[in-house]
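Notes to accompany the following structure.
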Amino acid sequence: MKLHNRIAESFSRQTMMQTLEARLDSVAAGQVVVSAPILPGSRQQHGVAHAALTFALGDTAAGYTALSVMPEDSEVMTAEIKINLLAPGRGERLRATGRVIKAGRRLVVVSADVHALDGDTETLVAVLTGTMVPVPSGS
């Protein structure tokens, strides 16, 4: 429960996630899931989820996944992240599942899969890979 509280407290300070109506769905060491509705204000010209929403959720899930394996006196920042957009984000919600690939002392390599949820259908819409770095709390 301590890990969940740590991640949830940090997540609650992310005003962008509040704007996107994102929620923290689950937290475990090495895996964090974040989701958000595909709101009218986060769609692109074809009516599907904008890539910026997909990226924001994937980056956030990946970042908190890295934080889940870092010391308690650390926060996290993205050093680099790459996205492959695979399919349009059609549906009601996007769900990003972050995973730790390799945790080191100075760098944590992470990935995130982003799925569009449309009723009972889940479609993989993006894959992100990146590197996160620990920063002192309060930075």
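The values are calculated or read from the model by the stated rules, or taken from the named source; none is laboratory data. Model, not experiment: these values are computed from the prediction. Quick reminder, even Gly has a Cβ in these numbers, built from the backbone with ideal geometry, and neighbours come from all protein chains shown.
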Residues of the stretch 118-139 classified as touching a residue at least 40 places away in the same chain (Cβ under 8 Å) and assigned to a strand (DSSP E or B), total: 12
Within the stretch 87-99, restricting to residues that are in contact with a strand residue (DSSP E or B) (Cβ under 6 Å, 6 or more places away or on another chain) and not charged (D, E, K, R), the one that is nearest to Ala36 (Cα to Cα) is Leu94
Out of the stretch 19-38, which residues are farther than 22 Å from Asp118 by Cβ and touching a Ser or Thr at 6+ places or on another chain (Cβ under 8 Å)? Val27, Ala28, Ala29, Gly30, Gln31, Val32
Wholly enclosed helices (runs of 4 or more DSSP H) of the stretch 1-115 bearing at least 3 residues among the aliphatic types (A, V, I, L, M), in contact (Cβ under 8 Å) with a residue 12 or more places away in the chain and crowded, with 19+ Cβ neighbours inside 10 Å: 51-67
Please verify whether Ser42 is at pLDDT 95 or above, in contact with a Lys or Arg (Cβ under 6 Å, 6 or more places away or on another chain) and farther than 26 Å from Pro136 by Cβ, treating the condition exactly as stated. no
Per the filter on the stretch 84-109, residues in contact with a helix residue (DSSP H, G or I) (Cβ under 9 Å, 6 or more places away or on another chain) and basic (Lys, Arg) are Arg95, Arg99
Do you know which residues across the stretch 100-119 are out of contact with any Lys or Arg (no Cβ under 8 Å at 6 or more places or on another chain) and farther than 17 Å from Thr78 by Cα? Gly119
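For (1) among the basic types (Lys, Arg); (2) at pLDDT below 95; (3) more than 18 Å from Pro134 (Cα to Cα); (4) out of contact with any helix residue (DSSP H, G or I) (no Cβ under 9 Å at 6 or more places or on another chain), each residue gets a yes or a no:
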| site | (1), (2), (3), (4) |
| --- | --- |
| Ala62 | no, no, no, yes |
| Val69 | no, no, no, yes |
| Ser74 | no, yes, no, no |
| Ser111 | no, no, no, no |
